[in-house]
Each structure stands twice: as C-alpha cells, then as structure tokens.
Amino acid sequence: MKLARDQESLKAITGLIEYAFRKQQPIINDPLFLSRYKHADAYGVYQDDELTNLVMANHFEIQLFQQRVKMAGVGYVASYPEYRGKGGISSIMADLLTDLYQQGVAVSQLAPFAEDFYRQFGYEPTSRRKTYRIPALAFNYLTSEKRGNVKRGTWQQMKPMIQSIYQRLLKQQQVGTVVREDWWWERLNEYYPHRFYATAFDDAGEAKGYIIYRMQGNTLVVDELAYENELALRKLLTYLKSHVSSFEEFLYHAPVHEIIEKCFREQEHLTITLEPYMMSRIIDIEQLLPKIPIYQKEIIIEVTEDKECPWNVGSWLISQGNCQKVQQAGDIKASIHGWSELLLGELTLAEGIFLGKFIAAKECPTEIFPKGRQSFYDYF
C-alpha cells in the first residue's frame, strides 16, 4: 500500500532504511534523504503494527528521442531480515506498478542488486557502463588541444552552463536519459560535496562541454564528461592531462557510446570494460509507442505476456504517430521483457530474433525501430 506522508510513517521508513542499509547515523532529519523523500512515493507492508517491507519511487521524466515521458526511479527496496522472502516486496511491486500506471507514468528504471529478482516484476537490463582506467603515462599519447579554454569553478558558478549543455545534449537521440530537475541537480552536488566542476569554451567563448570530477587518493574520478563537439572533447581531455603530475590513474564510468580512446595515439595503456548498470520496464506501452519514430508507415506489435501490467498485453497498431489496440495478430511479438529491452535499451530487433526473444513475420524488416543512446546514468 502507499504510505501516508506523515511523521509516523517517516519514522518507520527511516528506521527500516537505517537497518537494511546499515546507516551509521539517523536519517530522519538528513536533508539529503529528505530531498529524495519529498519527491517520492513510499509503498510498504505492515505486519503486527511494524513496517516490514519498503519500496520508494521517485518521479522524473526521461528523454525519448524528441519527446519526454514520465519515469519512476525505484529505490530503497528494503525488508527486515526476518520478513525477507515472504512475498512482501512482491505485493508492494504489484501495488506500485498499478498506481504508477494510474498516475500516467510510462516507464520505470532501477539499479538492481540482483537481475533475476527484478526480472520477475517485468524489468530487463537496458543500459551498461563503459569503464575507463587510464594510467597517467597514457596521456603521453594524447595531443594537447591549444584552441579554446577551460574554466574551473564552484557548482553555483558553473551551474547555468552545465545545465544548458546537458539540456542541449538531451535532444540528440537520447533514450532513457533522465531530465534532471533543479532539485536533483542540487542533490547530486550535495551528495558528493567534494566534486569539482569545469567548463570548456570554444574560441568564440561559447560553452560546449563540461567535466565533473572527484579526487580520491591517487585516482582522479570522472563522474561526467559531456561535450557537444570534438574541440570540447579534446579540450576537456587536455584539462585532465594537466593533472598527471598529481594522480597515478584516471577512472571514468562512461556511457556505453563513449569514444575517448580514439583521441589517444596509443590505446594499449587504457583498460576498458563494459558492465551492466540499469534495468527498465515499460509500464504503459500505449503511451510509449507513439513517441517512437519507427521507420515504417504502420506496424502491429504484440505484447504476449505481462503479468504485472496486464493492460499492456495485446496487439497495438502504430500508424502515423498514433497507437490503438487491435484484434489482429502482431507483425512482431514479444513479452514485455523483450519490448522493454528493445525500446529502452541497446538490443536490436535482429538480435532479439536471434536470441529467441522476438517472433517476427518473414516479410518484416529488422530495421524498424531506431536506436537512441543514453548518457550519464543516474542512480536511484
């Protein structure tokens, strides 16, 4: 059930979170926790007058090509140990997904502690991180960029430029990237109090990129690296190069489409790995489908299974930006797991057919759905 927003519920919620996540200090008056709680709905199960299970969902929007849809970021999934595995979270998730659908939320995202656990609720892996470990000596093979300049400053000084660049990049074929509201930007700054900010400018004085980073011992950790053109990318990498006398290694958890290795004349010193990150699920496919710019005048897609959101099941005719439920069999068929992976993640239709996740008519082309990209994954 959805929990009341009162002091008694807050006390029960924070007590469970403190125990489940081994918080060292009380969080009931913690501004960081309260900023998230204020923008969330909390769902729970009470047994013997005690809150035993909890799930919180924050409300965001995500970019979907040239449009936006409502997204729920699920987090703080918690249970007291004696109540784990007894169906409490399952009952909460059923209530949560129904409630989100009624609120007009189209998509949900989460960072899983176990993929199989969340797969039972319709979620599938949709995004990965590309991790770079760059030793200082690798920058010997990076040609310094002389054009433009970089300015470092506080969050408040850099905020207008960073937010403007972020908003512009959102419109460049992004799928699933969070549209960050001001409260979330401020929370990120407060959550990481020792972050540094710098902006790259071109020769005309226009801000075209930014970097957000932290210093952890002998490692410089890059949290975000955003750029609108090659000059900004090379200028920001040159800025990192200026730190080689102070750090042994540079660590960057990047979007999977990142290509900074192409700027190094020798790449052998870079260690690059891919790892799973976020899972997603479609809550309201009827709302989502008209926003996908498909490469065909019309097509019928069929959702064969969705236990948690049964309103998605059936055939949907997509035509000229409209979507309606029809009785015909679909040209392409998959469960909600497959559709979530395809429409919100990196999976292509050809890959989905090969893996047995999709069934498609023989005459159906495999390049129907465009593939966007995700940047700067947020953590819920």
**Study point:** L231 being on the phi < 0 side of the Ramachandran plot, open to solvent by less than 40 Å² (accessible area, probe 1.4 Å) and assigned to a helix (DSSP H, G or I)
**Key:** yes
Review point. Do you know which residues across the range 1-34 are assigned to a helix (DSSP H, G or I), open to solvent by 50 Å² or more (accessible area, probe 1.4 Å) and closer than 12 Å to A78 by Cβ?
Key: Y19
Check your understanding: Does Q320 satisfy the criteria of being at pLDDT below 95 and surrounded by fewer than 17 Cβ atoms within 10 Å (Cβ to Cβ)?
Key -> yes
Study note, to complete from the structure: Looking across the range 35-48 at residues that are part of a strand (DSSP E or B) and over 23 Å from the mean Cα position of the chain (by Cα), the single one that is surrounded by the most Cβ atoms within 10 Å (Cβ to Cβ) is G44
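Residue by residue, here is whether (1) in contact with a Phe, Trp or Tyr (Cβ under 8 Å, 6 or more places away or on another chain); (2) over 28 Å from L289 (Cα atoms) holds:
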{"site": "Y118", "(1), (2)": "no, no"}
{"site": "T131", "(1), (2)": "yes, yes"}
{"site": "N140", "(1), (2)": "no, yes"}
{"site": "E145", "(1), (2)": "no, yes"}
{"site": "G153", "(1), (2)": "yes, yes"}
{"site": "Q157", "(1), (2)": "yes, yes"}
{"site": "R168", "(1), (2)": "no, no"}
{"site": "V179", "(1), (2)": "yes, no"}
Exercise for review: Give the residue, chosen from G176, G209, that is of a type outside the set (A, V, I, L, M, F, W, C), touching a residue at least 60 places away in the same chain (Cβ under 8 Å) and in a strand (DSSP E or B).
Suggested key: G176
Review point. If you check R168 against the conditions, is it at pLDDT 95 or above, in a helix (DSSP H, G or I), of a type outside the set (F, W, Y) and touching an Asp or Glu at 6+ places or on another chain (Cβ under 8 Å)?
Key: yes
Check your understanding: Within the range 127-142, which residues are under 17 Å from L236 (Cα atoms) and among the basic types (K, R)?
Key -> R133
Revision key, fill the gap. Picking from S375, S335, S340, the residue that is in contact (Cβ under 8 Å) with a residue 40 or more places away in the chain and closer than 19 Å to I283 by Cα would be S340
Exercise for review: Take the range 254-289 and flag every residue that is part of a helix (DSSP H, G or I), open to solvent by less than 40 Å² (accessible area, probe 1.4 Å) and closer than 20 Å to V107 by Cβ.
Suggested key: I285, L288, L289
Review point. Taking the range 193-223 as the search range and keeping residues that are within 19 Å of Y379 (Cβ to Cβ) and open to solvent by 10 Å² or more (accessible area, probe 1.4 Å), which one is modelled with the lowest pLDDT?
Key: P193
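The values are calculated or read from the model by the stated rules, or taken from the named source; none is laboratory data. Keep in mind it's a predicted model, so treat the numbers as computed, not measured. Cβ: placed from backbone, ideal geometry, glycine included. Neighbour counts: every protein chain shown. Ligands, DNA and RNA are stripped out before the accessible areas are found, and what is left, the full protein with its side chains, is counted by its heavy atoms. Shrake-Rupley method; radii C 1.70, N 1.55, O 1.52, S 1.80 Å.
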